[in-house]
Amino acid sequence: MYSYLRGAYKGRAPGADGSIIVEAAGIGYEVIVPPIVDQQLAGTHKEDEPLLLYVSAQSGRDQPWPILFGFCSPRERAFWELLVSVPRVGGKLAARAMVMPVERIAEAIQRGDRAFLDSLPGITLEGADKMIASLRKKVGPFVQPPDGLGEAARLPARIGPRSEQDEVRDGAVQLLVSMGLKRPEAQRGVDRLLASRDDLLSIQDVIMEFLRTQSL
């Protein structure tokens, strides 16, 4: 029904969590974007600047008007559509869970990492099991970075497997960024915690301790 939307970026939609406004031909379209897309737009786009989003629409019995979901690339849109194919994973939940690059999430699904998937917003352990069962054999094309991302994108795969602490660090940083923190601040805080504590073994542990120290 929809393929892409080209217009002017108008910033976040008032009172709508995870939505932005794109004005095209005098019409303001409200588009739900995943956190990973929102982060990209916040760092590269100012209000009224041109914007191209690859979009998909959902409607249903309780939602007669189509809801638009927007992505920075066809690859991100295709991965979202794969997540939506999992039983009981709707469009909003799939978008909310995309707080990290699709390669990271796809890799976790492929290796059956229930804990990692459970740490994604809105995903429970039951949901993680359904994602693994439904998508484990389908996410292969998304595990490797797409061609043209440069040597740096491939470097970790040649160096060797990532440690559990690497996964916890990166996951915690991404979640804090999705909560509104600046990335450098989130990285400093997480690195400081992991350097001083050896009992923070999961993303949830790090997030809870970070929030506790901020409230002191």
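The values are calculated or read from the model by the stated rules, or taken from the named source; none is laboratory data. This one's a predicted model, so the numbers in the text were calculated from it and none came from an experiment. Cβ coordinates were reconstructed from backbone atoms using ideal geometry, including for glycine residues, and neighbour counts include every protein chain displayed.
Going by the structure shown, is Gly43 touching a helix residue (DSSP H, G or I) at 6+ places or on another chain (Cβ under 6 Å) and closer than 18 Å to Val22 by Cβ? So Gly43 does not fit the description; no.
Counting only strands (runs of 3 or more DSSP E) wholly contained in the range 1-42, the ones carrying 2 or more residues that are under 23 Å from Lys182 (Cβ atoms) and modelled with pLDDT of 85 or more occupy 4-12, 19-24. Within the range 9-32, is there a residue that is touching a Cys at 6+ places or on another chain (Cβ under 9 Å), closer than 25 Å to Leu83 by Cβ and not acidic (Asp, Glu)? The answer is no; no qualifying residue exists.
Condition check: within 28 Å of Lys137 (Cα to Cα) and in contact with an Asp or Glu (Cβ under 7 Å, 6 or more places away or on another chain). Does Ser56 satisfy that? Yes.
Listed here are the residues, each with its yes/no results for (1) touching a strand residue (DSSP E or B) at 6+ places or on another chain (Cβ under 9 Å); (2) in a helix (DSSP H, G or I).
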| position | (1), (2) |
| --- | --- |
| Val86 | no, no |
| Lys92 | yes, yes |
| Ala95 | yes, yes |
| Ala106 | no, yes |
| Ala115 | no, yes |
| Met131 | no, yes |
| Phe142 | no, yes |
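Only one entry in Val99, Val55, Val86 is touching a helix residue (DSSP H, G or I) at 6+ places or on another chain (Cβ under 9 Å), touching a residue at least 60 places away in the same chain (Cβ under 8 Å) and β-branched (Val, Ile, Thr), namely Val99.
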